[in-house]
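The next block holds one structure in the form of structure tokens; read it before the comments.
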Amino acid sequence: MWMSTFARFALPALQRSTSAMACQALRACHRPGQAAGLLSSCLKSMQLRGHQTLGSASLPVACQSVRHVRALDEDRLMEVEWEDGGHSLYPFTWLRDNCQCPLCTLQSAQARKLLMSDLDILTGVNVVEVTNDNKVSIVWPDQHTSVFDAEWLKKRCFSPAARQAMQEELFLNERYYWDSKLRIPTADYQEVLHDDKAALAWLLALRRVGIVYLRGAPAEQGHVARLAERIGYLRLTFYGHTWQVQDKYMANNVAYTSGRLSLHTDYPALHFAPGVQFLHCINQAVEGGESEVVDGFHMAEQLQREDPEAFRTLTSLHVDFTDTGIDYCDFILQSKKCIIDVDAEGRVARINYNNATRDSVLDLPLHQVQPFYRSLKAFVDIMNRPENVVTYSMEPGDIVTFDNWRLLHGRRSYISRPDRLRHLEGAYLDWDEVMSRLRILRNSVHEDM
């Protein structure tokens, strides 16, 4: 299923670039005007938000060769001329700070040993040269010698294009935005557990698209924890390591009722909300209970385009969230967040919205209250447009994995009966663990080829 399709289209691409493989992992997605099916092979390249496609977003892996190197003493820079005709500049201070010798770097941990207090930030150089094995050697005024691999230097070039490519390789920041036409990427649970290529494809799609469906898990508790072990470890919260989504008497969360859940992110009442969520269907309702998701980043982009003032309001005003109850232990949570977080470049980085836990305390000046409500209503109205919402029904054994910082998810009301009670098991992870495993899998898959 997953692996046969992935192997046919993605393995050759792995030899070229990680991002080309990511493109194949996302071929289950549907773009307007194009036919699509589960893991179809129709998309050769997928345009992301930004100026790159998945096929062009990572650094080349070809061997780099140095033609010439020289010191620009007045500017305190080293210039490298590459065999392909390109040039790179490196500050003396950065080169000395990142000396790779055993005195300056603990190789077993890839950690810097050189102390900042011992770094001469105004250092010059005595000699720079290319060695016989095509490395760059620098002799410093104190006669310490640093030697740098050409490929190591090239990947750390300070040009805007190289810096962007390195950040994309490290963090996979580019996303594929979608609407109601999305066909959720789908993989096999057992293959993800036991095959590194399938696991890597799963995590790449989770990062790029924000949601991946896994089929074939046993319809019993414990498998979200098993899936989390494939990555690292679970995120413990006040609801436990895992939690059971069922009708509960005197429910301490609106999710533990049979009513409709509006589109939301989980846990904005925590200052650091979980980044990834797993939900495993163990038993489905007699009627209703369909799941709904929207791409929050795409919705924020639409809001910015249609109502810039509302976007500015939701990215600047801090809103209070609260959560109180007893579960894993007793808790009283309070946090303050913008509904839409943006990074230093103004790109949407996170959505923080849960209407159930939005506090009645609203710490805003009086004149900002009505603009806040108008802006939030505009954002919610965009989310609820039918053309933006993906609806799906989970069956026993299905696991949905999704980006809780990006997607908003909801549920339609449902009817259960005593012999058929709706039951989902959930769990959280943080993006740090997920991205760590993704990088490890990417390295291991490359090595195996």
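The values are calculated or read from the model by the stated rules, or taken from the named source; none is laboratory data. What you see is a predicted model; the values in this text were computed from it and never measured. We work out accessible area using only protein heavy atoms, side chains counted, and drop any ligands, DNA or RNA first. Shrake-Rupley method; radii C 1.70, N 1.55, O 1.52, S 1.80 Å.
Assorted remarks:
- Our estimate of slack between Tyr328 and Arg260, defined as 0.36 nm per intervening residue step minus the Cα-Cα distance, is 22.0 nm.
- Only protein heavy atoms count here; on that basis, with a 1.4 Å probe, Asp327 has an accessible area of about 60 Å².
- When each of Lys135/Lys197; Lys155/Lys197; Lys336/Lys377 is checked by Cα-Cα distance, pairs over 22 Å: Lys135/Lys197; Lys155/Lys197
- Directionally averaged shadow of region 309-416, computed from the convex hull of its alpha-carbon atoms, nm²: 9.9
- Solvent-accessible surface (1.4 angstrom probe) belonging to Val125, in square angstrom, nearest 10: 20
- Overall Cα dimensions of region 182-317, principal axis frame, Å, largest first: 48, 43, 32
- With 0.36 nm allotted per residue and the present C-alpha distance subtracted, the Asp196-Asn132 stretch has 19.2 nm of extension available.
- Amide proton proximity set for Tyr177, modelled H, under 5 Å, gap of 5+: Arg49
- Here the ratio of the Cα radius of gyration of region 73-170 to 2.2 N^0.38 Å is 1.09.
- Full-stretch length increase - Leu170, Gln370 - with 0.36 nm per residue and alpha-carbon distance subtracted: 67.9 nm
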